[in-house]
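The values are calculated or read from the model by the stated rules, or taken from the named source; none is laboratory data. A quick note: this is a predicted structure, and the numbers were derived from the prediction, not measured. As a convention, Cβ positions derive from the backbone with ideal geometry for all residues, glycine included, and neighbour counts pool all protein chains shown.
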Amino acid sequence: MNLACRDGLELFIFDENGKFAAHVDYSKYSKIEDNKLVVGSQLVGEDFLAFAHKTEMNKKSDYDSFFDEDQSTFVVNKNNTKKCKIIAKSTMVDDQKCETHDVFYEIPDAKLESGQTFEHSYVGESARYVYRFYINTYNEQGDLYKLRIMK
């Protein structure tokens, strides 16, 4: 069976204790290279922002109430890193049978890079948000992740 990648990655992100934290299902491109997972998306979810960054409560002063009260504020800090576990889902196509197979990358020990990339644009290709995770070994043998190909 020869498989071709045909889809971006859908991420299911859990905190370091295994509690579900965020879902990223709109990746435009993604790659796992060495011990790094990079996902680019045109959208960013509020659940991911809440997981990745410190949230700030709304204040009631005149200055602070200048902005709409129905808002969420996330503070991006260069030293902020989050340990997490990731299950990344995609599909691959068997080039001979033209059958699709769900593929899962099980990443039991990862760390979200502190600074993400926000790109803004009004011309050409849509802007994007880039997620970067470092993949750590999860056992003494140096294993990074498991690749599961569903039949």
Worksheet item: Of all the residues that make up the stretch 93-120, how many are modelled with pLDDT of 85 or more, charged (D, E, K, R) and within 25 Å of Thr81 (Cβ to Cβ)?
Response: 3
Fill in: Meets criteria (at pLDDT below 85 and out of contact with any strand residue (DSSP E or B) (no Cβ under 9 Å at 6 or more places or on another chain)) for Val123
yes
Discussion item. Residue under question is Ser61, and the condition is that it be modelled with pLDDT under 90 and either under 13 Å from the mean Cα position of the chain (by Cα) or buried (at least 17 other Cβ atoms within 10 Å of the Cβ) (or both); does it hold?
Written reply: no
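Specify the residue that is modelled with the lowest pLDDT; the eligible residues are those in the stretch 44-58 that are out of contact with any Asp or Glu (no Cβ under 9 Å at 6 or more places or on another chain) and surrounded by 14 or more Cβ atoms within 10 Å (Cβ to Cβ).
His53
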Item to complete: Report the residue count in the stretch 91-110 for those that are more than 16 Å from Ile135 (Cβ to Cβ) and not aliphatic (A, V, I, L, M).
Response: 10
Discussion item. Among the residues of the stretch 3-34, what is the count of those that are under 19 Å from Tyr134 (Cβ atoms) and assigned to a strand (DSSP E or B)?
Written reply: 14
Worksheet item: Identify, please: which residue in the stretch 3-20 is exposed (fewer than 15 other Cβ atoms within 10 Å of the Cβ) and in contact (Cβ under 8 Å) with a residue 60 or more places away in the chain and is, among those, farthest from Val38 (Cα to Cα)?
Response: Gly18
Discussion item. Please go through (1) among the basic types (Lys, Arg); (2) at pLDDT below 80; (3) exposed (fewer than 11 other Cβ atoms within 10 Å of the Cβ) for Arg128 and return the number of the only condition it doesn't satisfy.
Written reply: (3)
Worksheet, complete the sentence: Of those in the stretch 21-33 that are in contact with a strand residue (DSSP E or B) (Cβ under 9 Å, 6 or more places away or on another chain) and surrounded by fewer than 16 Cβ atoms within 10 Å (Cβ to Cβ), the residue modelled with the lowest pLDDT is Tyr26
Worksheet, complete the sentence: Asn77 fails exactly one of (1) at pLDDT 90 or above; (2) touching a strand residue (DSSP E or B) at 6+ places or on another chain (Cβ under 9 Å); (3) in a loop (DSSP other than H, G, I, E, B), namely (1)
